Every structure is written in C-alpha cells, then in structure tokens.
Amino acid sequence: MAIEMTEHRITARVPELTNPTNVIEVPLSIRVDPLTGHTSRIVSGTKLSPTERPDLTDLTADPPFCPFCAGTIERATGTFPAEVAPEGRIRRGNAVVVPNVLAYSEFSSVGLYDTTRHFLDLPDLTPARVGDLLGALVEYTGALHRIRPMWSSINANYLPPSGSSLIHPHAQSAHDDVGTTLQRLLVERSAAWRDGSSGEGSFWDELVAQEQGGPRWVGRIGRVSFLTPFAPIGFHEVWAVVDGSRDVDRLTDADCADLGKGMSRVFGTYRDLSLTSFNWALYGGGPAPSDRWSTLLRIVSRSNAEPMYRSDVTYFEKLHAEAMIDLAPEDLAGTLRPHFGG
Ligand SMILES: [Zn+2]
C-alpha cells in the first residue's frame with residue numbers, strides 16, 4: 001500500500017496584476033502531509049524569493065569581542081562536568097561544543113562549526129566543518145544519554161533573520177524529558193503509522209522507497225537519503241532521513257560525514273539561489289526510540305539579512321502552523337539534484 005499524497009487543486013479567480021479589470025484564473029495546491037496531517041499551500045504567480053543577495057560585509061565583520069572566536073572561547077565560555085566531557089569542552093577538527101548560557105532545556109549546548117573563522121558564508125560551510133560539528137554534538141548527546149535517555153535534538157539558526165542573536169555560525173542542542181511539540185508529534189505518528197502493525201514497514205522506510213527516483217528525490221549519500229517534502233513547513237525545505245538511526249546519539253561518524261556532505265551541498269545551492277539565512281533541526285526519537293523512527297534532519301531557508309526585507313513568516317506560518325510556499329518542492333529538488341550527482 002503506497003503512502004497517500006493528498007493534494008487539493010483549487011482554482012482562484014483574481015484581478016490580473018498589470019490589468020486589474022481583467023480577471024484571471026490562478027491554480028493553487030493545498031497539500032496534506034501524509035504523517036502529521038498538516039497542510040501547506042503551494043502558490044503560483046508572484047515569486048517571494050530574493051533575486052539578489054545583500055552585502056553582508058558590515059554585518060559579518062570581525063567584532064571587538066566574540067565569545068566563540070578562537071582566543072576568546074576558553075575564557076568566555078564555561079565547561080561541562082567531567083562525566084559529560086573529560087576535557088571540559090568537546091572538540092572535533094575546528095568544531096567545539098560548549099555549555100549554553102541560555103537555559104531553554106534541562107541540558108543545552110552551543111556548537112561552533114569553526115572557531116578560527118568569525119563568519120562562514122554558505123559555501124564556507126564545507127562537508128568537513130558541518131560533519132565535525134555534528135560529530136561533536138553527537139558525542140555530547142551520547143554522554144548525556146549515558147546519564148539517562150532523553151528527548152534530544154540538534155538545531156541551528158544562522159544570521160539574524162533565522163532568530164540568531166550571534167553572527168558566529170553555530171548550532172544548539174536541546175535535551176530533556178519533554179521534547180518539543182513537533183518532535184513528539186513526528187515520533188508518535190511514526191510509532192502509530194499503519195496502526196503500528198508489525199508486518200508493515202516504518203513510515204520513513206516506506207517514504208524513502210516510494211520517493212526514490214521521483215520528482216522530489218535529491219540523492220543518497222551512504223545511508224542518508226536527501227529529498228524535498230511533499231508538504232513543506234518552510235521555504236526551500238530539504239529533508240535528510242538517516243535509515244536505521246533511531247536517535248541522534250546513534251549517528252555514526254560516517255553518518256555525520258555524509259550528513260555534512262549533503263548539508264554543505266544544500267547550503268551551496270541556497271547560495272546559488274541568492275539566499276543567505278537558514279534554520280535546521282535534527283530530531284532524535286525520544287527516551288525510548290522505536291525502530292519505526294529514523295533520525296530526520298530538516299533544513300529551511302529564511303528571509304535575507306537586509307533592512308526592511310520581507311519576513312518569510314506571515315500569519316499563515318506563525319498563527320496557523322501552515323506554510324505558504326511559492327516554489328514547488330519538485331522544482332527545488334530539480335535544482336538540488338545535479339549537486340548530488342543526479
Ligand atoms: Zn566569532
């Protein structure tokens with residue numbers, strides 16, 4: 001039985017932009033996410049994406065003080081207890097993980113892709129930098145889960161439009177007994193998929209099998225599948241599904257390297273599309289992860305770092321939990337696929 005991709009095709013009648021006395025028919029697609037049931041709107045017509053990049057020179061210039069730059073980080077950040085990190089901080093290559101000063105979770109950390117560079121533009125987020133950052137955060141997560149299993153996620157803001165208060169590129173992890181609304185929903189719906197009957201495959205196995213080679217397929221690196229979602233929750237949204245990995249701390253060094261490769265290609269494509277800002281989230285399977293969950297990474301672009309630029313969050317996204325997107329996931333996948341050798 002195939003996963004059902006439900007789409008409501010609607011035709012709206014609106015005045016023509018350049019000739020308002022003329023009424024034209026415009027197609028609109030409302031898509032239903034097969035796992036969560038959330039709906040997304042894929043609109044046609046006016047393109048909301050930027051056509052050129054802002055100049056980031058002033059925003060990203062070396063500041064007098066940055067807690068995350070090499071030379072400062074040792075005195076500006078704290079250390080983990082010895083049972084979590086014997087050296088106090090966790091390092092991989094130029095990546096470093098330190099305790100977060102902001103307590104948004106019982107355990108929270110900040111990970112820097114590279115302390116030797118205050119700013120890394122999208123093409124500078126190389127496979128090695130992203131892979132090292134993930135490896136260090138996975139090591140931190142593993143140390144916490146030896147204390148007790150928890151809901152874990154690794155997440156990133158990048159530049160102020162994404163919600164980041166610091167320019168130095170970084171990620172943040174969150175670990176507690178509660179998890180987040182969307183993380184719990186994803187994991188719970190995955191466990192209940194097809195009534196949880198043991199003979200059926202997991203949603204994620206079925207999804208990857210069904211989407212592979214199709215219009216939303218981007219490519220595969222190792223056991224990581226990259227694709228665009230049928231019903232996105234954000235602009236330029238890309239998913240990576242790590243087959244057989246139930247939780248963040250189950251990611252191997254090879255998984256981190258493969259995720260790093262793919263994420264780096266997505267960031268490079270974002271640069272080609274004149275984008276500058278993004279968020280990503282890597283969702284673990286919770287304190288009792290089932291084999292019906294596969295660790296999921298989701299990346300979305302955000303508004304450009306430009307004064308008065310239109311925010312990509314409207315009342316639809318903020319108050320209806322519904323994305324309104326003007327680029328079809330299939331078109332985005334077509335743009336990404338050549339970067340994955342397809
Ligand atoms: Zn810095």
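Here are a few things to note about the model shown:
- For the residues Gly268, Gly131, Gly45, a GNM of the chain with alpha-carbon springs under 10 Å puts the largest fluctuation on Gly45.
- The mean of 1/r over all distinct Cα pairs in the stretch 130-255, once inverted, gives the Kirkwood hydrodynamic radius of 16.5 Å.
- A run of the chain free of exposed loop cleavage sites, with GluC sites (Glu not before Pro) counted only in DSSP states other than H, G, I, E and B and at most 13 other beta carbons within 10 Å, reaches its longest extent at 107-342.
- Seen from all directions on average, the stretch 1-99 presents a Cα convex hull projection of 14.5 nm².
- If the convex hull is drawn through the Cα atoms of the stretch 118-204, its volume per residue in Å³: 158 Å³
- Calculated SAXS-style log₁₀ I(q)/I(0) at q = 0.14 Å⁻¹ - the chain, Debye, Cα scatterers: -1.19
- Accessible area of the stretch 144-264 belonging to carbon and sulfur atoms, whole % at 1.4 Å probe: 51 percent
- Accessible surface calculations at 1.4 Å, restricted to protein heavy atoms, place the stretch 60-167 at 43 Å² per residue.
- Karplus-derived 3J(HN,Hα), 6.51/-1.76/1.60, for each residue of the stretch 78-90, Hz, glycine and proline x: x, 10, 7, x, 4, 5, 8, 9, x, 8, x, 10, 9
The values are calculated or read from the model by the stated rules, or taken from the named source; none is laboratory data. Just so you know, these numbers come straight off a predicted model, no measurement behind them. All Cβ positions, even for glycine, are placed from backbone atoms using ideal geometry, and neighbour counts span all protein chains on display. Heavy atoms of the whole protein, side chains included, go into the accessibility calculation; ligands, DNA and RNA do not. Shrake-Rupley method; radii C 1.70, N 1.55, O 1.52, S 1.80 Å.
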